[in-house]
Every structure is written in structure tokens, then in C-alpha cells.
Amino acid sequence: LAEGPRTADQLAEITGTHAPALHRLLRTLACIGIFSQDESGLFSLTPLAEPLCSSAPGSVRTSILSITGDLFIIPWSDLVYSVQTGQAAFDKHFGVPFFDHLTGDPGEAAMFSDLLIGINSPDAPAIAAAYDFSSCSTIADIGGATGHILVSILASHPGLRGTVFDLPHNQSGAAELIKSRGMSDRVTFTPGSFFESVPTGYDLYVLSHIIHDWSEAQCLSILANCHRAMSAESRLLI
């Protein structure tokens, strides 16, 4: 629909779907403002639908695909298991913890990174504006995925440099994002696991949307590794 209005029949032919069923879905979405439908039966984009397009600023396309895919739908469908046992339904179905699964599935990992950027996009400018970065010159974004938070902070503070520290499967996505933001000369990527160690020698260490993901024992391990890497003058920003 980004290319112009279409009927349900036209869209069904393009997408390889059942025209009457697709029409019912489109009509329902039009009722809640996702699309519009005119008297001739043509469906069009609305402002609410525009972020679904991959080319739109602030696109949520990959976020929607991720949230409605197996990564989220399957665990939620077995919520009762988690409530009954206290264990993760994700681990039960996929056989490994969430982030271990992402490590073995680069495509899913890339979509999840895009999802995090979409969900956390308001955070970066708020952090950049709220915290006084004048006392530091280097930042380590620990568990920073593809580096959205770090490059957003650096965009507001030209004198800063930093590294994104995360598992190796995020390296290519980080390189692409860093380059797209014009930060290749100021931001590096350091592969590793924060359960083992973190880079040493940085003025500021950032843990953004990390601590809530882990058990208390695991959080203490992450924080202890940060503590070992920090100098007496370093600071930790959570």
C-alpha cells in the first residue's frame, strides 16, 4: 500500500493470500484506523500504518515481525507453565535460554536488535540530555547490542569516544548502525560476554536495559565484572 491504494483482490494476488479472508482482515484493521477503505473498496495507508513501512522514519516493521513471531508468541502461549513452575517457557520450548537462542540465529538476533531500538528509542536522547558527561571522555556501553544508545549519546557530545561491548553475533549489525550514524571514527565494537569480563580503562560504564533480564546472582556477576574493570574514578550508569 506504500505504492498506492489497492483492493483486497489486488493485495491477495500480490501477497498470495485468500482474497475474502484478507478482505475481512483489512476491513477490521480499517475499523481501528490502521488502514482506510473508500466506497470503491480501495484500501490505503493511514498515518497510523505508515510506520509499518520499512522506509519510514522510526519504522516499527521489524519490531512487529519480531513480537508476532515464534520468539514471543510461543512462550506466551505456554504462560501457564511459567506460572506453575517458575521456569521460563521459552527455555522449555526452544531448549536453550533466550539469548543463547539468539546467538545461534543471526536473522532473529538482528530483528530483536531492531525491536530494542524501536522500544527504547526515546531513552537515548533523554539520557544524553539528563546526565552530565563533561567529566568523561570514554564510554563503554556494556551489553549495548548494536550501539544505538552509545551513538545517540555521542551525537550530543562531540568530544566523547566509546565502545559497544556485546556478544559477537551483534558485531555486523553494530558496524552497520555505527557507520550509518557517521560514528566509525569514534565508536568501536568489542566482542565478549559480561558474565566473563568487560573492557577496562573507560571513564563511564553504561548498563542500559540489562539488569532486569537476569537473576540476582547473574546481576551480581555482571556488576562485579564492571567493578573489576573500573578505575577509582570510573562511574557506572544504570
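The values are calculated or read from the model by the stated rules, or taken from the named source; none is laboratory data. If you're wondering where the values come from, they're calculated on a predicted model, not measured in any experiment. Cβ coordinates were reconstructed from backbone atoms using ideal geometry, including for glycine residues, and neighbour counts include every protein chain displayed. SASA here: full protein model, heavy atoms, side chains in, ligands and nucleic acids out. Shrake-Rupley method; radii C 1.70, N 1.55, O 1.52, S 1.80 Å.
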>> Please check: in the Gaussian network model of the chain (C-alpha springs, under 10 Å), which one of Phe112, Phe72, Phe189 has the largest mean-square fluctuation.
In response: Phe72
> Spin-label point model (7 Å from Cα, Cβ direction): what's the His209 to Ser172 distance in nm?
Replying inline: 2.2 nm
> In whole angstrom, and with the biggest value first, how far do the Cα coordinates of the stretch 1-137 range along each principal axis?
Replying inline: 59, 47, 27
>> Please report the net charge: other residues with Cβ closer than 15 Å to the Cβ of Glu176, K and R +1, D and E -1.
In response: 0
> So for Glu50, Glu176, Glu39, what's the accessible-area order with a 1.4 Å probe, most first?
Replying inline: Glu39, Glu176, Glu50
>> How large is the translational diffusion coefficient of the chain in µm² per second when you combine the Kirkwood radius over alpha carbon pairs with Stokes-Einstein at 4 °C and 1.567 mPa s?
In response: 63 µm²/s
> Any idea of His93's accessible area? Nearest 10 Å², probe 1.4 Å.
Replying inline: 110 Å²
> His148: net charge of surrounding residues, Cβ under 15 Å, Lys/Arg +1, Asp/Glu -1, itself excluded?
Replying inline: -2
>> What does the extension gain come out to for Ala88 and Gln218, with contour length at 0.36 nm per residue minus their alpha carbon separation?
In response: 45.2 nm
>> Taking the square root of 5 times each eigenvalue of the Cα gyration tensor, what semi-axes in Å does the equivalent ellipsoid of the stretch 150-194 have, largest first?
In response: 18, 12, 7
> Which FRET efficiency value, to the nearest 0.05, is calculated for Ala56 and Asp100 with the Förster distance at 35 angstrom and r the Cβ-Cβ distance?
Replying inline: 0.60
> Excluding Ile222 itself, what net charge comes from residues whose Cβ is under 12 Å from its Cβ, given Lys and Arg +1 and Asp and Glu -1?
Replying inline: -2
>> What does the extension gain come out to for Ile14 and Leu48, with contour length at 0.36 nm per residue minus their alpha carbon separation?
In response: 10.0 nm
